[in-house]
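Novice: I am attaching a structure below and will ask some questions about it afterwards.
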């Protein structure tokens, strides 16, 4: 349990700290830095302390039950491979937090940056620590969302907005493909548990769904790790602040794809399809990224394309299907994280001190910034694969695997040549960065006189460069054990023997390294003059800019295809949309009716009662009359519709369902009043005098009538079929037998809602909250029709009163001729509150419950608004419906998560008798706390919609340009 608690903290703590950071004032840069730094340091300490549990193949695992029947438990899993990535995420994250404190301007809202940063870190930790593949996809998409916020942090910059949108579109779409892949994997093996998936490689590879699984999986990972042809989004993300670039490009975002490819290597690799697709993408990305990097004029652009190239190198190694190649891939993930993070931070220091990143306008910085220049040169040498640095070791392993024969194909034959060529390009762009920035001819005048940055801004670069040196000189004693733990956790018994020695003798990989170093140096001197004055981008490829291609594709999809689909299928009118929806549902119902088991013999005969039949005849007449009157006589239609609802309420009483009858009654009352309050703002509908248009309208109405009659007949047939057949097994008997013993209540309906089907109810109240917020947002922009704004004389007559405080506003009904009912309606407020509390408390055993109590409580507010008007109520009551909604969701979720503390699935309830003083033993159930959340959200959502309607009366006064009772600057509805 102690290890499980640490895993939970690793996921939860960054999000809690993110919420704390976003609550800080905008200028609290130091407070945000301390909060983020302490949080990240604590995460790093937790991860380091957990190493003994994952050493040499150990696995630390913690399961939080969620929906066990569907295999959707929340599983946290830490092994050596996940541990390595978690150390990179938190370790480099801690250095980035320190670096950010000095990089960001005090004028920026830095706490907001730290909030996004911590949430992104938590999402990445969720990806590497997920033991459930569906849970992994959830965190995967969260990384896309928070990277969007980080890349677009400087939202005033058009480039930042475009880059963020591009990154979210590409990686978000890939995430959907990844989700489909994971669902197919779960379908094939019958589980979403990562341990089960990793042990089922043969089953998945032998499945007929292997190729769709592979293609969808690679679509998700290629988009995240910027593999060809999805590499274009990464350079455009350079508009992000440099701390974001250093974090995303080294240990997090772009590494997620290669992390998952290596994680799923035992499951999906070892096939020709894997070798061909992954190998081609990796080889193309490796070569094109290195080539494009040579011709970049922006320092961050050069580093971005070099990141793409190194990711292609890792992908190519993963494709080879060799355990030694996978060892090299994992090792290069570690090495690349260190030297790339330090290089991006150095680029940020240069930009911070000089004021530009254009290498054509920079030169000779070594004399101004010798320490920073030395650190950047060492990191660049590691990127180029110079001996005695960590980049050289993994590059040597890459060469050794490239010359091995893995499959008889052109890709395998070309691998050694591509490896040498791409490595030569890497040497070229590394030398160009060093020479163009720190040596060469300095400009006549800098925008800012460059100097060394503060020590603590340079400290993260220093520490990362020291790691590059130490690992490059003594790799076996420094990272050897940790690399072995990571490799064993992925390969298991297939872990090969390998050596991290610096010197392996004079062999072919060493020759390839020397050739790459010499060729890259010569290529730089050959291109030196051209690069000093050339345009941005490589020759022959300047027109193939990723942003331009992406924008054209988006225009094609959104403007042409989407507009074509909208013109054929879409409409802004509600009625055609409902017609399509109802027609589609009708067709599906017909298919189910003719293919389902409804043709079986009737086993239960149902008699008919004349009174009941007559009651439903009245209800049917009300429904038909409401539909007939709805177009021109909305009030009449509403009254008739309420009559149909009342018939439904009486039906529930007739069928001995008092709980449903009570719910139907209060819902009918409240919804009728709300709709009635809304009708007064709609424009009047008049019959069209044009005979052609009137005939067309009648045709549409008869068509709608036919569709409604068909759907109604279909629902009637299904209901009749269900009610006249005895199912082989009745779920009702189960609930009747277990409602009291397992749910602690005698009101079976309410026990089902808050206990047995609590998860469904939780989803329903969430949807209700979303609907209420949507209604409020829409009505805030709604303006009454001109013919509904009263004339000034009418307004003055309604507003006339000697006492301005007692004057009822327009829209209230408490004028002189309704004075007594208005007073009674105000007095009913405490009475209804007591009634709502009574309905809530009794709901677990007799008709009542949180939903009914919430609607009843909302009715109390409706009466107040109707009696006294909006301004009068909001001046005397703090109406906070949004907080009620938030409190309701929070307490409902907390009740569900409380069961985790005792090892039970989410929303598992417990019931027992509790002894109270002077009362004795009374039944109590944790489901009542969940019911309290239902009550709070239902009441808040209903009142929020009421306020959205009530505020129209205030706008009406403004539209008439009349003095009104003063409205508070900030209406107290939140």
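The values are calculated or read from the model by the stated rules, or taken from the named source; none is laboratory data. Keep in mind that what you see is a predicted model, and the values were worked out from it rather than measured. Positions of Cβ are backbone-derived with ideal geometry, glycine not excepted, and every protein chain shown enters the neighbour counts.
Novice: Looking only at region 35-50, decide whether some residue is crowded, with 17+ Cβ neighbours inside 10 Å and in contact with a strand residue (DSSP E or B) (Cβ under 9 Å, 6 or more places away or on another chain).
Specialist: yes
Novice: Here is a list: 139, 148, 116. Which entry is surrounded by fewer than 24 Cβ atoms within 10 Å (Cβ to Cβ), in contact with a strand residue (DSSP E or B) (Cβ under 9 Å, 6 or more places away or on another chain) and assigned to a helix (DSSP H, G or I)? Please lay out each step first, then the result.
Specialist: Details: 148 fails: in contact with a strand residue (DSSP E or B) (Cβ under 9 Å, 6 or more places away or on another chain); 116 fails: in contact with a strand residue (DSSP E or B) (Cβ under 9 Å, 6 or more places away or on another chain).
So the residue among 139, 148, 116 that is surrounded by fewer than 24 Cβ atoms within 10 Å (Cβ to Cβ), in contact with a strand residue (DSSP E or B) (Cβ under 9 Å, 6 or more places away or on another chain) and assigned to a helix (DSSP H, G or I) is 139.
Novice: Collect the residues in region 21-34 that are over 9 Å from residue 118 (Cβ atoms) and buried (at least 16 other Cβ atoms within 10 Å of the Cβ), keeping them in residue-number order.
Specialist: If we filter region 21-34 for residues that are over 9 Å from residue 118 (Cβ atoms), which is where we start, we get 22-34.
Hits for region 21-34 are 22, 24, 28, 29, 31, 32, 33.
Novice: Checking the condition in contact (Cβ under 8 Å) with a residue 40 or more places away in the chain, closer than 17 Å to residue 329 by Cα and surrounded by fewer than 17 Cβ atoms within 10 Å (Cβ to Cβ), which residue from 475, 509, 481, 454 passes? If you could, list the steps in order and put the result at the bottom.
Specialist: Numbers: 475 fails: surrounded by fewer than 17 Cβ atoms within 10 Å (Cβ to Cβ); 509 fails: surrounded by fewer than 17 Cβ atoms within 10 Å (Cβ to Cβ); 454 fails: closer than 17 Å to residue 329 by Cα.
Matching residue, one of 475, 509, 481, 454: 481.
Novice: Can residue 179 be described as without any contact (Cβ under 8 Å) to a residue 60 or more places away in the chain and either under 17 Å from the mean Cα position of the chain (by Cα) or part of a helix (DSSP H, G or I) (or both)? Lay out the reasoning, then the answer.
Specialist: Numbers: without any contact (Cβ under 8 Å) to a residue 60 or more places away in the chain: yes; either under 17 Å from the mean Cα position of the chain (by Cα) or part of a helix (DSSP H, G or I) (or both): yes.
Judged against the criteria, residue 179 is a match.
Novice: Can you give me the number of residues within region 855-911 that are over 23 Å from the mean Cα position of the chain (by Cα), in a loop (DSSP other than H, G, I, E, B), at pLDDT 80 or above and buried (at least 22 other Cβ atoms within 10 Å of the Cβ)?
Specialist: 2
Novice: Going by what's in this entry, would residue 208 be described as free of Cβ contacts under 8 Å to residues at least 60 places away in the same chain and assigned to a loop (DSSP other than H, G, I, E, B)?
Specialist: On the way: free of Cβ contacts under 8 Å to residues at least 60 places away in the same chain: yes; assigned to a loop (DSSP other than H, G, I, E, B): yes.
Yes.
Novice: Right, next: Does region 743-758 include one or more residues that are modelled with pLDDT under 75 and either out of contact with any strand residue (DSSP E or B) (no Cβ under 8 Å at 6 or more places or on another chain) or part of a loop (DSSP other than H, G, I, E, B) (or both)? Lay out the reasoning, then the answer.
Specialist: As a first pass, look at region 743-758 and keep what is modelled with pLDDT under 75: none.
No, region 743-758 contains no residue that is modelled with pLDDT under 75 and either out of contact with any strand residue (DSSP E or B) (no Cβ under 8 Å at 6 or more places or on another chain) or part of a loop (DSSP other than H, G, I, E, B) (or both).
Novice: Name the single residue, out of those in region 355-392 being in contact with a strand residue (DSSP E or B) (Cβ under 9 Å, 6 or more places away or on another chain) and not in a loop (DSSP other than H, G, I, E, B), that is surrounded by the fewest Cβ atoms within 10 Å (Cβ to Cβ). Give the steps one after another, and end with the answer.
Specialist: First, pick out the residues of region 355-392 that are in contact with a strand residue (DSSP E or B) (Cβ under 9 Å, 6 or more places away or on another chain): 357-359.
If we keep only those that are not in a loop (DSSP other than H, G, I, E, B) too, we end up with 358-359.
Working: 358: 14, 359: 22.
It comes out as 358.
Novice: Hand me the list of helices (runs of 4 or more DSSP H) wholly inside region 447-491 holding 1 or more residues that are over 16 Å from residue 57 (Cα atoms).
Specialist: Working: elements: 455-473, 475-478, 480-491.
Counting at least 1 such residues, we get 455-473, 475-478.
Novice: Kindly indicate whether any position in region 72-87 is surrounded by fewer than 18 Cβ atoms within 10 Å (Cβ to Cβ), closer than 20 Å to residue 194 by Cβ and at pLDDT below 95. Explain how you work it out, then say what you get.
Specialist: From region 72-87, those surrounded by fewer than 18 Cβ atoms within 10 Å (Cβ to Cβ) are 72; that's our starting set.
After this cut, where a residue has to be closer than 20 Å to residue 194 by Cβ as well, the list is 72.
If we keep only those that are at pLDDT below 95 too, we end up with 72.
There is at least one residue in region 72-87 that is surrounded by fewer than 18 Cβ atoms within 10 Å (Cβ to Cβ), closer than 20 Å to residue 194 by Cβ and at pLDDT below 95.
Novice: Here is a follow-up. Residue check, residue 626 against (1) assigned to a helix (DSSP H, G or I); (2) over 30 Å from residue 750 (Cα atoms); (3) touching a residue at least 60 places away in the same chain (Cβ under 8 Å), all met but one. Which one?
Specialist: Exception for residue 626: condition (3).
Novice: Name the helices (runs of 4 or more DSSP H) wholly within region 265-354 that hold at least 3 residues that are buried (at least 24 other Cβ atoms within 10 Å of the Cβ)? Please lay out each step first, then the result.
Specialist: On the way: elements: 265-268, 272-294, 299-319, 323-354.
Output list reads 272-294, 299-319, 323-354.
Novice: Filter region 668-694 down to residues that are exposed (fewer than 11 other Cβ atoms within 10 Å of the Cβ) and either under 45 Å from the mean Cα position of the chain (by Cα) or at pLDDT 75 or above (or both), then give me how many there are.
Specialist: Residues meeting the conditions: 2.
Novice: To continue, here is another question. What's the number of the only condition in (1) buried (at least 24 other Cβ atoms within 10 Å of the Cβ); (2) in a loop (DSSP other than H, G, I, E, B) that residue 430 fails to meet?
Specialist: If we test residue 430 against (1) buried (at least 24 other Cβ atoms within 10 Å of the Cβ); (2) in a loop (DSSP other than H, G, I, E, B), just (2) comes out false.
Novice: Can you spot a residue in region 20-35 that is modelled with pLDDT of 90 or more, in contact with a helix residue (DSSP H, G or I) (Cβ under 8 Å, 6 or more places away or on another chain), within 30 Å of residue 329 (Cβ to Cβ) and outside any loop (DSSP other than H, G, I, E, B)?
Specialist: Checking region 20-35: not a single residue is modelled with pLDDT of 90 or more, in contact with a helix residue (DSSP H, G or I) (Cβ under 8 Å, 6 or more places away or on another chain), within 30 Å of residue 329 (Cβ to Cβ) and outside any loop (DSSP other than H, G, I, E, B).
Novice: Has region 804-823 got at least one residue that is crowded, with 17+ Cβ neighbours inside 10 Å, modelled with pLDDT of 80 or more, on the phi < 0 side of the Ramachandran plot and assigned by TED's automatic domain parsing to the domain that holds residue 870?
Specialist: To start, the set of residues in region 804-823 that are crowded, with 17+ Cβ neighbours inside 10 Å comprises 807-812, 814, 822.
Adding the requirement that they be modelled with pLDDT of 80 or more leaves none.
So far as region 804-823 goes, no, none of its residues is crowded, with 17+ Cβ neighbours inside 10 Å, modelled with pLDDT of 80 or more, on the phi < 0 side of the Ramachandran plot and assigned by TED's automatic domain parsing to the domain that holds residue 870.
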